[in-house]
1. I'd like the Karplus ³J(HN,Hα) series for the stretch 98-107: coefficients 6.51, -1.76, 1.60, θ = phi - 60°, whole numbers in Hz, and an x wherever there's a Gly or Pro.
2. Per Stokes-Einstein, at 25 °C and 0.890 mPa s, what whole-number D in µm² s⁻¹ belongs to the stretch 128-169, with the Kirkwood radius over Cα pairs as the hydrodynamic radius?
3. If a/c stays under 1.5 just call it rounded; otherwise compare a/b with b/c (prolate if a/b is bigger, oblate if not). Do that for the stretch 92-140, with a ≥ b ≥ c from the square roots of the Cα gyration tensor eigenvalues.
4. How much length, in nm to one decimal, is gained on full extension between residue 49 and residue 65, taken as 0.36 nm per residue of separation minus their Cα-Cα distance?
5. Given H placed 1.01 Å from N in the peptide plane, which residues other than close sequence neighbours of residue 62 have an amide H under 5 Å from its amide H?
6. For 24, 128, what's the fewest-to-most ordering of other Cβ within 10 Å of each Cβ?
7. Taking Rh as the Kirkwood radius computed over C-alpha pairs, what is the Stokes-Einstein D of the stretch 88-190 at 25 °C in a medium of viscosity 0.890 mPa s, expressed in µm² per second?
8. Quickly work out the residue 161-to-residue 117 label distance, labels modelled 7 Å from Cα along the C-beta direction, and quote it in nm with one decimal.
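What follows is calculated from the coordinates using simple rules that are stated; it is not laboratory data. If you're wondering where the values come from, they're calculated on a predicted model, not measured in any experiment. Every residue, glycine as well, gets a Cβ built from its backbone with ideal geometry; the counts of neighbours run over all protein chains shown.
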Amino acid sequence: MGSRLTPWLTAVLAGTAAGCIVQDRSYVQDRPSESVGSWRIEHRIDRITGKPAPSATVVTTSTNNKTADIRDALLQVTCFEARPVVRFSFDLRVGADRNSTFAYRVDDRPGDEVEATFLQDHRTVVIDDPTTVAKFIEDVSRGSLLIVRTASLFAGRTVAEFRVVGASAAIAPVLAACPLAEPGTQPEPARRKAAPNDRRPGSG
């Protein structure tokens, strides 16, 4: 993408060490960030717990069939509640939990829809199911091109292509800090998930 970074993406890169667009002072850098292939690795320490909280990030652009715009998109693998999660952030609304789907494909291997959560900002999609996360990491670690697609009744279809060469090395610090769940085990949820009738107003 060279030096033609949009203000949104510039802000994301500036705040990548915090895992969000604005600076998060709950983290400090453990050592300088580094690059592996297309990935940027942030070596962070949680100031509260003192534990490592690394992240691996790739940025690209996305297209939407309704807006016809080219927008920025970000893929991040990081730790949340002591386990790895995959987060996609888009510079436009891509869907909501009740009427949207998420699918991906790596290289020439056929892909499919997977379980994912559309957050209330309608721009962020998270994969946090341990089995799905493990399969995603395995797939991108063996590939070079990741294609993702969100499909929504109100936001249309958004497609992004990420260059993921070097994924295995880039994600390794994350897995060292928060390992994947052992096969056949399911970690206890740290928080109660909202029941269908327990959603806040306007949650999509």
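1. Computed from phi, the couplings for the stretch 98-107 are 7, 9, 9, 10, 10, 9, 8, 9, 10, 6 Hz.
2. Estimated diffusion coefficient is 211 µm²/s.
3. prolate
4. So the chain would gain 1.4 nm between residue 49 and residue 65.
5. 71, 72, 73
6. On the way: 24 13, 128 17.
The fewest-first ordering by Cβ neighbours comes to 24, 128.
7. Values: Rh = 14.6 Å.
Reported coefficient: 168 µm²/s.
8. 3.2
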